[in-house]
Each structure stands twice: as C-alpha cells, then as structure tokens.
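Encoded as structure tokens, the structure appears first; notes follow it.
Derivation of every value follows stated rules applied to the coordinates shown; laboratory data play no part. Bear in mind that the values here come from a model prediction, so they are computed numbers and not experimental data. Virtual Cβ from ideal backbone geometry, glycine too; neighbours counted across all protein chains shown.
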Amino acid sequence: MSHITTILEENRTFPPPAGVRGNIASLDEYHALCARFQTEPEATWRELAEAQLRWDQPFTRVLNRERAPFFRWFEDGRLNLSVNCLDRHVEDGLGERTAIIWEGEAGEVRHISYSQLLADVCRAANALKRLGIEAGDRVIIYMPMIPEAAVAMLACSRIGAIHSVVFGAFSPQALRDRIEDTGARLVITADGGARRGGIHALKPNVDTALQQGCQTVEHVLTVRHADNPIDTDPARDIDWHTALAAESDKCEPLMVESEHPLFILYTSGSTGKPKGILHTTAGYLLWAKLTMQWSFDFQPARDIFWCTADVGWITGHTYSVYGPLACGGTTVMYEGVPTYPDAGRLWKICADHRITLFYTAPTAIRALIKAGDQWPNRHDLSSLRLLGTVGEPINPEAWIWYHTVIGKERCPIVDTWWQTETGGHMIAPLPFATPTKPGSATLPLPGIDAAVVDEHGDEVTEGGGLLVLRQPFPSMLRGIWGDDQRYIDTYWHKFDGKYYFAGDGARRDADGYFWIMGRVDDVLNVSGHRLGTMEIESALVSHPAVAEAAVVGRPDEIKGEAICAFVVLKQDADAQLADTLRQHVSQEIGAIAKPDDIRFADSLPKTRSGKIMRRLLRDIAAGREITSDTSTLEDQQVVAQLQQNRA
Ligand code: WT7
C-alpha cells in the first residue's frame, strides 16, 4: 500500500461554490437519484440509456445476469458509437461547433469542427474497410496526442473494429506483446511525435516490433506528423494521408449490438503480463456521457474541457475523446510535455483556450507546485470553473494548492476514483452539490454501489478495509481479452463472486466519505500510472547478469511511488550495471518502468517457505525502521547488505 507522507493537517470541509446551479444541483437531488437506483435500478438505467443514447434499435432488456460475472447490458439494442459522438450533433445543427482543439508542442493550433471530424472519420473508416478490416477485427493504435488518434478510434467504432491503443512511450517489446495478444490485423501509427523539443519515434518502433512475430499484422497505416524519416515496406505500409484522400467523406455506420466490443486496453496486474481489459459499446458510452455531466458538470454549449491524459490510458479514452464528444462539446488535446518550454505551459494553454474544466493527475500538480507559483500567476486563469484530479490519492498539500493557486478558491476540486476496468468515474463529488474534503474522493456516483469491507466481505461503515463494488454497472469491463478465468480470479474470486474487488484499500469516515489508501496488491502507482512489480521483475531477470529480482514501491514526493529494485547478480557488479539494467527495463517495457533505485545483494530476504519478504523490502526501500519479524530469515545479513547497497 502506498503511503504518501503528509505534513499538512487538513480537516476542513469545503462547501460547493455558492450561486452555481450544476447539472445535479443539490445533495438532496443526489440522494434522491441514489435512492431511485436502489429501489428500481433497472428502470433507472433504462430511462438514462434511452434518453442519453441514440439507438438504431431500442433495447428491451436492461441487464442480463445469467452468466454472472459476465454481465450484459441493453443487449438486444443496436447502435453505433461514432453516430452518437458525431452524426447526431451534426444533425442537431452543431456541425460548426469545435469538437477538438489541438495544440502541438511547438504551439501550432488546430480547431476541428464536428462536420470536419465526421468527414475525417468517414474517410478513415472507408480506408480501413479497403484494407479489409471488418467488424470484430483488432486494430492497434500507436500514436502521439494528435487528432488523428481520435479519428482512428472513432473510425474503428464506425465499422465495428475493436481498437487497442498502445501508449506511445511504450517500447517495441511492449507493443509486440499487445499486438500478439490481440491478434491485430492493422497498426495505425505516426512517423513520430513531439517531445521536449525533439522527436519521439513511433513508426520505427512498429518496424522493430513487427520484425519478430506479429504474424497477424497485414498493414501499417502511418500518419506523417513529425518529419521523422521512416522506412517504408511497399507491401505492408500505407500512408494515412494518401489513403484518406482517396476515400469518400461519407461512410454508412455499422449498427452493432450494445455488447459489441469497443476496445481493449492493457493494464498491469499483480501477476504476469498486462491484461487486456475489454469494454463494450453501449454501457461504456452511456457512462462516459453521464459522468461528464455529473462529475464535471459539463455543459457543452459553454464549456471548454481539457483532460491532460494521453489517449494511451483509459482517462484519455473516456475523458479526452469519448465523453466530451458524446456530449457534443469541445475537448482539448495537447501533444507535448507539461513543462515545455517552461513550467507555465499548462496554465498558458488554460488561458489561451479559455479552458473552463481542467482535469489532471496529482503527480503533475505536485511537480508544478515545486516549479513555483510564479508560473500560474503569470497567466489569466479566470475561465476555469472546475478542477479535476485522477490516478492516485491526492495529498492535502496538492489539493489546497490546486484549490487556492489555480482555482482561486472559486473552483470545486473533483477527485475522481476509478480504474481502467470501470471505464469511468465511480467515486467523485458532484461539483456543485457535494462538500469536499481534501484527500477524499467523497461519495459514490448515483448507480454505483461502492463499499468498504473486511476480509470476509462484511461491510465496514466507518474504518478501513478493502474497496469493492457490489452491483454491476453499465461501463464495467466485460472481461480480460482471451482469458475468462483470469477475469474471474482477479476481480471476483476474493469475495466468492459476490463483489467486484478493485484491488484498493480504502477507509470510510463518519460522514461515509471514501478515502482511497492505494493498492493492496503488487501493483505500483508511479505518477498515476499503473505498473506491476512482476512485470518489472521479469524485465530485470531477462537480463543475462541478473539471477533474481524483487521490485517494490517507496514513497516519492512527486511521483507518489518510486520504483525500487532489489537485484541478485550472477556475476560481480561493475560501475555501469545499475544504469545498464535501468536501460534494459526501459527497452523491455518503456521509460515509465525504469527503476529509481537498484540495490544489489547476494540473496533476497525470504521466509523459510521461500517467499520473498516484500514488506521488509518496502521498509528498506523507504529507509524506514524494519517492522517485520526477521527471526525467520534464512540470512539476516542480507538485510544489512540491502540497506547499504543503494545504486
Ligand atoms: C488505480 C487505477 C482511472 C484513471 C487513471 C488510473 C488509483 C485512480 C484515484 C483517486 C486514489 C486513485 C487506484 C486505482 N486511483 N484514481 N482519485 N484516488 N487512487 O487508472 O491505471 O486503471 O489505475 O489508480 O489505485 O485502482 P488505472
């Protein structure tokens, strides 16, 4: 479990800003909606799904529990996601409204209207069809934060293809794993992306990934974006611009069943390779849209919404692309790093585009606090009316800074707890109804039955325990791609199929507020990114010099958690070995998985039964006093050695 050290005692409760009428206007309204969900859940979901989505064929059945925990929502309805995000708004006369504002790192800006986006999506969908892509086929998207990434996602949905976006900073090896697991027929990429004034290569990584294996990939479609020279295999590679230019800007959408797979997104677990989280069409879209309206109070005619997440993560899927577009509003995409050319970049973007709703991660907030208040103070932040946070617990210092220095005490702070698996927010305040407490995600959204339970599954109404979701909800994952058993084992096994187990520890206070304590499994949260300790350990032992490795997290002021690796070598360490191993992990997974600390030892502390003593390693990593009982250790010397050898 991660413990962010905090020096600030903060027990205040912040009332919602007065005089603003939100989409959910009061706590009474919130409680009434929650009560409706409790007494007549299916009728309530039915009403919302009918009102919010455009159906080609209306559904009759709300929820099918027959194959629980494989739930099916709105299953006999048919619809198309891209129609819900594009065509319907154009038909409603909003064709000229800006759908996407894109800003590149060098400062170039593009405004893309709904009509234009629809035309681009149709061209791209036609191009995919010409390449033989059919409904149910998997398409890998490995792109920078550019509008074409959204176009590619929406084009897949238009023809029923299943996309799997791979974060652009993942290595060729990680890309290859995902291509092979999905069995993708097509990869959509770009020559490269902008990063810190330089270029970050993408297409060359695809080439490397495809050199070994990946037999299923027939074509690679490449967007020219960064002037990065690339190799082209004429039998396989196609230029995005040429392909789209040859197509019509009209494409008949394929109406799919509600449960038609929409995307697979990989996320780390406590064991084995990352798992492909599967989301389907109607339920996911419904919740993306509702949470935009509820947690962000999104009002599409007046708001400019900016979620800083990359489309490579679930946050980017739901809140950079699908949520805002489903609502017919304007979403902002920024390609570069938050501190380029200086620490004022995010605030400058907020000022330049008159952003009203801003959503980012605590790690970014903490890094920007360090840079100093002069950066935000240089920019006009008066357009902001709401500030969101996601990805990890937000420490009170960061919350208060966000609230005062960025929000000028006018903007509600919306701390949203959710996961790749839940598709959208689960626990979050309603910004103009729920009083907030720094560090608490407050209360479950209407329709979400979250609870804290003890090891036996008994509810803890006040106190600490494990976070569970007790009822199915439309946007929940439908499984792990190709591994039904792992889905059951990971999420349902712990409480005998009764509850969804999120993997987080949480505490409830006397007001029923939820305080998320962090992961209780071997999953790290580094800068809001989820990483499995086992994945990093496998990467380390795949290096010829390494005999054994154990990875744990330790508290870090900026990243939340830093990665600490304990390594047993087959040979003596030379001076460069720690760096070589860091580099190796970066190549195997991606730079985000690079260990911060590497500690060498002759062996790892284990119990008599041979289990690595992780709690002990966490204490050593954090430089804390050892609390574990080491009397059973095979070799007590190891501990002293590990405490000293920090590389
Ligand atoms: C894990 C999910 C879902 C968006 C980004 C991360 C942690 C997420 C919060 C929050 C405390 C949070 C949890 C969760 N987490 N949001 N507001 N407060 N912890 O998605 O990669 O699927 O990770 O992130 O530990 O289980 P993800």
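Give me the number: length gained by fully extending Arg410 to His493, i.e. 0.36 nm times residue separation minus the C-alpha to C-alpha distance, one decimal in nm.
Residue separation times 0.36 nm, minus the Cα-Cα distance, leaves 25.5 nm.
I need the shape label for segment 1-116. Rule: rounded when a/c is under 1.5, else prolate if a/b > b/c, else oblate, with a, b, c from the alpha carbon gyration tensor.
oblate
If pairing requires two Cys Cβ atoms under 4.7 Å apart, which cysteines of the chain are left without a partner?
That list is Cys34, Cys85, Cys156, Cys214, Cys307, Cys327, Cys350, Cys411, Cys564.
Given only helices, namely DSSP H runs of n ≥ 4 each adding -39500 (n - 2.57), what is the per-residue ellipticity at 222 nm of the chain, to the nearest 500 deg cm²/dmol?
-7500 deg cm²/dmol
Could you tell me which of the pairs Lys250/Lys289; Lys570/Lys611; Lys275/Lys437; Lys275/Lys498 are separated by over 27 angstrom between their Cα atoms in the structure shown?
Flagged as over cut-off: Lys275/Lys437.
Taking θ as phi - 60°, what are the ³J(HN,Hα) couplings along segment 580-594 by the Karplus curve (6.51, -1.76, 1.60), each to the nearest whole Hz, with x for Gly and Pro?
3J(HN,Hα) across segment 580-594, in whole Hz: 4, 5, 4, 4, 4, 5, 4, 5, 6, 10, x, 4, 5, 9, 4.
Separation of segment 595-609 and segment 268-325 by C-alpha centroid, Å?
If we compute the Cα centre of each part, the gap is 39 Å.
Can you put Tyr284, Tyr340, Tyr334, Tyr319 in order, fewest other beta carbons within 10 Å first?
Ascending number of Cβ neighbours within 10 Å: Tyr340, Tyr334, Tyr284, Tyr319.
Rounded if a/c is under 1.5, else prolate if a/b beats b/c, else oblate: with a ≥ b ≥ c from the C-alpha gyration tensor eigenvalues square-rooted, which is the chain?
Values: a/c = 1.42, a/b = 1.17, b/c = 1.21.
Rounded, since a/c falls under 1.5.
Please compute the contact order of the chain in relative form: average sequence separation of alpha-carbon pairs under 8 Å and at least six residues apart, divided by the residue count, as a percent.
14 percent
For Arg345, Arg65, which order do you get if you count the other beta carbons within 10 Å of each Cβ and list the fewest first?
Going from least to most buried by this count: Arg65, Arg345.
To make sure I understand the rule: partners must be lysines, Cα under 19 Å from the Cα of Lys273, and not fewer than 8 residues away in the same chain. Which ones qualify?
Lys594
Could you put Arg478, Arg196 in order, starting from the residue whose Cβ has the fewest other Cβ atoms within 10 Å? If you can, show how the numbers build up before the last one.
Working: Arg478 22, Arg196 12.
With the sparsest Cβ surroundings first, the list reads Arg196, Arg478.
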